Amino acid sequence: MSARENILNAIAINQPELVALPEMDRNAVICYEDDYVQFKTVLESIGGKVKLISDITVLKDQLITDKANGNFVVNTIAALADVDEHVVSLPAFKLEKLEKAYIKGTVGVAENGAVWIYESQMTNRLLPFICQHLVLLIDKKDIVPTMHHAYDTIDVDKEGFGVFIAGPSKTADIEQSLVIGAHGARSTTVYIVE
């Protein structure tokens, strides 16, 4: 028997007993009086913007204005207008001048201001990171208190890629100076449909 087999056998023999994960009452962990107010407070404190709207007409008008101004704008939200399907296979160098991306989120998290986006909602993985300004859309009813609740809501196995985004890109690694847009969007605005 080789040394490798001896080690693996010793590990197999000395395995500890399996212990079930503890049951957690998710509502007892963190509770907010108003999940929307907490989400807004946290996201704005980390540099994002939150706008509560009664319906998506406001966002439709903004999208039309952005496209009319001649900016490179990509929409992935079918409820706003035609989805820009041509961006699905565009490489990074073709997207480098992307001014604004409109993307529908799945769930918002009150404790950290994050929004979950599936790959299919992005159409192209690069969009939320390569654009200058990111516009996200979620429903108010889809804001949950904690990441525990968010993971209960989303299906991480559904697609090959998904991401939580909380505010614009930022870093303070260099000389403790905050830099916005260092490796992603310079601004993030979350529109919440009431």
Worksheet entry | Failed condition for N112, given (1) in contact with a Gly (Cβ under 8 Å, 6 or more places away or on another chain); (2) under 29 Å from E33 (Cβ atoms) | (1)
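Can you name the residue in the range 176-188 that is polar (S, T, N, Q) and surrounded by fewer than 21 Cβ atoms within 10 Å (Cβ to Cβ) and, of all such residues, is nearest to D139 (Cα to Cα)? Talk me through it step by step, then tell me what you get.
Within the range 176-188, the subset polar (S, T, N, Q) is 176-177, 187-188.
Narrowing the set further to residues that are surrounded by fewer than 21 Cβ atoms within 10 Å (Cβ to Cβ) leaves 176-177, 187.
Numbers: Q176: 36, S177: 34, S187: 20 Å.
Across the range 176-188, the extreme among qualifying residues is S187.
Give T153, T146, T171 a once-over and let me know the one that is open to solvent by 20 Å² or more (accessible area, probe 1.4 Å), under 21 Å from T41 (Cα atoms) and β-branched (V, I, T). Full working, then the answer.
Working: T153 fails: under 21 Å from T41 (Cα atoms); T146 fails: open to solvent by 20 Å² or more (accessible area, probe 1.4 Å).
Only one candidate passes the filter, namely T171.
So that you can scan it fast, the table gives a plain yes or no per residue for (1) touching a residue at least 40 places away in the same chain (Cβ under 8 Å); (2) within 19 Å of N71 (Cβ to Cβ); (3) not in a helix (DSSP H, G or I):
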residue: S120; (1), (2), (3): no, no, no
residue: V156; (1), (2), (3): no, no, yes
residue: G160; (1), (2), (3): yes, no, yes
residue: I192; (1), (2), (3): yes, no, yes
Discussion item. Regarding the range 158-181, can at least one residue be identified that is of a type in the set (A, V, I, L, M) and touching a Phe, Trp or Tyr at 6+ places or on another chain (Cβ under 7 Å)?
Written reply: no
Worksheet item: Can you tell me which residue in the range 42-84 is modelled with the lowest pLDDT, limited to those that are closer than 14 Å to V135 by Cα and touching a Gly at 6+ places or on another chain (Cβ under 7 Å)?
Response: G47
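Quick check: is even one residue across the range 70-92 closer than 22 Å to R26 by Cα, open to solvent by less than 50 Å² (accessible area, probe 1.4 Å) and not in a loop (DSSP other than H, G, I, E, B)?
The first filter runs over the range 70-92 and keeps only residues closer than 22 Å to R26 by Cα, leaving none.
Scanning the range 70-92 turns up no residue that is closer than 22 Å to R26 by Cα, open to solvent by less than 50 Å² (accessible area, probe 1.4 Å) and not in a loop (DSSP other than H, G, I, E, B).
Go through L52, L59 for me and flag whichever is touching a residue at least 60 places away in the same chain (Cβ under 8 Å), part of a helix (DSSP H, G or I) and within 26 Å of E194 (Cα to Cα). Even if it seems obvious, please write down each step before you answer.
Values: L52 fails: part of a helix (DSSP H, G or I).
Just one listed residue meets the conditions, L59.
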Discussion item. Suppose the filter is within 17 Å of E159 (Cβ to Cβ), open to solvent by 50 Å² or more (accessible area, probe 1.4 Å) and either touching a strand residue (DSSP E or B) at 6+ places or on another chain (Cβ under 7 Å) or of a type in the set (G, A, S) (or both); does K140 pass it?
Written reply: no
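Test K97 against the stated conditions and say whether it is open to solvent by 70 Å² or more (accessible area, probe 1.4 Å), in contact with a helix residue (DSSP H, G or I) (Cβ under 8 Å, 6 or more places away or on another chain) and modelled with pLDDT of 90 or more. Spell out how you get there, then give the answer.
Details: open to solvent by 70 Å² or more (accessible area, probe 1.4 Å): yes; in contact with a helix residue (DSSP H, G or I) (Cβ under 8 Å, 6 or more places away or on another chain): no; modelled with pLDDT of 90 or more: yes.
When the stated conditions are applied, K97 does not pass them.
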Worksheet item: Yes or no: D155 of a type in the set (D, E, K, R) and under 12 Å from T106 (Cβ atoms)?
Response: yes
Practice prompt. Just one of (1) in a loop (DSSP other than H, G, I, E, B); (2) within 21 Å of the chain's Cα centre (by Cα) trips up E23, so point out which.
Written response: (2)
Discussion item. Between S187, S177, which is under 27 Å from K60 (Cβ atoms) and either over 11 Å from the mean Cα position of the chain (by Cα) or at pLDDT below 95 (or both)?
Written reply: S187
Discussion item. Going residue by residue through the range 50-62, is there one that turns out to be hydrophobic (A, V, I, L, M, F, W, C), farther than 25 Å from P168 by Cβ and either out of contact with any Asp or Glu (no Cβ under 8 Å at 6 or more places or on another chain) or loosely packed, with under 11 Cβ neighbours inside 10 Å (or both)?
Written reply: no
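The values are calculated or read from the model by the stated rules, or taken from the named source; none is laboratory data. Fair warning: this is a prediction, and the values are worked out from it, not measured in the lab. With ideal geometry, Cβ positions are generated from the backbone for all residues, glycine too; neighbour counts draw on all protein chains shown. For the accessible areas, the whole protein counts, side chains as well, though only heavy atoms, and no ligand, DNA or RNA atoms are used. Shrake-Rupley method; radii C 1.70, N 1.55, O 1.52, S 1.80 Å.
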